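Participant: I am attaching a structure below and will ask some questions about it afterwards.
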Amino acid sequence: MKGLISDKLVTLIENNADIIIKRWIERLSADSSSPSFSPEALNKSSAKAHMVIKELGEWIGYDKPKEEIIRHYSQEGIGLFRMGIPLSAGVRALILLRRTIWLFILDSSLFESAMELHQTRELSDRASLFFDRAGINFIDGYMEEMRCRARELWNLSEADLGKLFFQKPSR
């Protein structure tokens, strides 16, 4: 990993994952824009949040390739669709998790130098990139599963699916 403070902050996040996730679940439960999470869905989401925190640490440490993020979060989007949770609620949950992690870091850290503050900003940038990639691929997976469901239910052609959901962007 690049810097000592980054190592410390990743360790801080990983060692306090249970506290962070508890706060996140409380925020998610109270959030009026994500009422679709049943207690069962919140329980499943809690387990997935532990995985997100682990992957975030790997990403910040340059141990997690971009391709793994793409594949994994596409699958998570498919899973969310199959759970019957609206896409907006899933994206909101990711946003709340990122925010909860960041607030935990700010509340728990004392910066002793401008260098540590700079390294924290770099950590924030790296975490933002992780969550942005996760979110985009989460949405792609969700939308692909919607396309599959529409094709299955209404026997739509690819052209009709394109009209219904727009054309799938190529990468």
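The values are calculated or read from the model by the stated rules, or taken from the named source; none is laboratory data. This structure is a prediction, so every number in the text was calculated from the model and none was measured. Heads up, the Cβs are rebuilt from the backbone with ideal geometry, glycines too, and the neighbour counts pull from every protein chain shown.
Participant: Anything in the range 52-77 that is closer than 15 Å to Gly135 by Cα and aliphatic (A, V, I, L, M)? List them, or say none.
Facilitator: Scanning the range 52-77 gives Val52, Ile53, Leu56, Ile69, Ile70.
Participant: If you check Lys64 against the conditions, is it modelled with pLDDT under 90, surrounded by fewer than 19 Cβ atoms within 10 Å (Cβ to Cβ) and outside any loop (DSSP other than H, G, I, E, B)?
Facilitator: No: the conditions fail for Lys64.
Participant: For Ile101, are the conditions met, namely being out of contact with any strand residue (DSSP E or B) (no Cβ under 6 Å at 6 or more places or on another chain), surrounded by fewer than 20 Cβ atoms within 10 Å (Cβ to Cβ) and more than 18 Å from Ile139 (Cβ to Cβ)?
Facilitator: Spelling it out, it is not the case that Ile101 is out of contact with any strand residue (DSSP E or B) (no Cβ under 6 Å at 6 or more places or on another chain), surrounded by fewer than 20 Cβ atoms within 10 Å (Cβ to Cβ) and more than 18 Å from Ile139 (Cβ to Cβ).
Participant: What about Ser45, is it in a loop (DSSP other than H, G, I, E, B), of a type in the set (Gly, Ala, Ser), touching a helix residue (DSSP H, G or I) at 6+ places or on another chain (Cβ under 9 Å) and surrounded by 13 or more Cβ atoms within 10 Å (Cβ to Cβ)? Don't jump to the end; show me each part of the working.
Facilitator: Details: in a loop (DSSP other than H, G, I, E, B): no; of a type in the set (Gly, Ala, Ser): yes; touching a helix residue (DSSP H, G or I) at 6+ places or on another chain (Cβ under 9 Å): yes; surrounded by 13 or more Cβ atoms within 10 Å (Cβ to Cβ): yes.
Against the criterion (in a loop (DSSP other than H, G, I, E, B), of a type in the set (Gly, Ala, Ser), touching a helix residue (DSSP H, G or I) at 6+ places or on another chain (Cβ under 9 Å) and surrounded by 13 or more Cβ atoms within 10 Å (Cβ to Cβ)), Ser45 does not qualify.
Participant: Here is a follow-up. Restricting to the range 22-41, give me the number of residues that are in a helix (DSSP H, G or I) and either of a type in the set (Gly, Ala, Ser) or loosely packed, with under 15 Cβ neighbours inside 10 Å (or both).
Facilitator: Going through the range 22-41 one residue at a time, the tally reaches 7.
Participant: Any chance the range 136-157 includes a residue that's closer than 20 Å to Gly57 by Cβ, touching a residue at least 12 places away in the same chain (Cβ under 8 Å), out of contact with any Gly (no Cβ under 8 Å at 6 or more places or on another chain) and not polar (S, T, N, Q)?
Facilitator: Within the range 136-157 (the criterion being closer than 20 Å to Gly57 by Cβ, touching a residue at least 12 places away in the same chain (Cβ under 8 Å), out of contact with any Gly (no Cβ under 8 Å at 6 or more places or on another chain) and not polar (S, T, N, Q)), the answer is no, since none of the residues qualifies.
Participant: When you scan the range 1-8, do you find a residue that is of a type in the set (A, V, I, L, M, F, W, C), part of a helix (DSSP H, G or I) and either modelled with pLDDT under 75 or closer than 14 Å to Glu58 by Cα (or both), even just one?
Facilitator: yes
Participant: Under 7 Å between Cβ atoms, which residue pairs at least 6 apart in sequence (or on different chains) link something in the range 22-49 that is farther than 17 Å from Thr100 by Cα with a partner that is among the small types (Gly, Ala, Ser) and surrounded by 15 or more Cβ atoms within 10 Å (Cβ to Cβ)?
Facilitator: Correct list of pairs: Ser36/Ala89; Phe37/Ser45; Phe37/Ala89.
Participant: For residues in the range 123-160 being polar (S, T, N, Q) and closer than 22 Å to His72 by Cα, which is surrounded by the fewest Cβ atoms within 10 Å (Cβ to Cβ)?
Facilitator: Ser128
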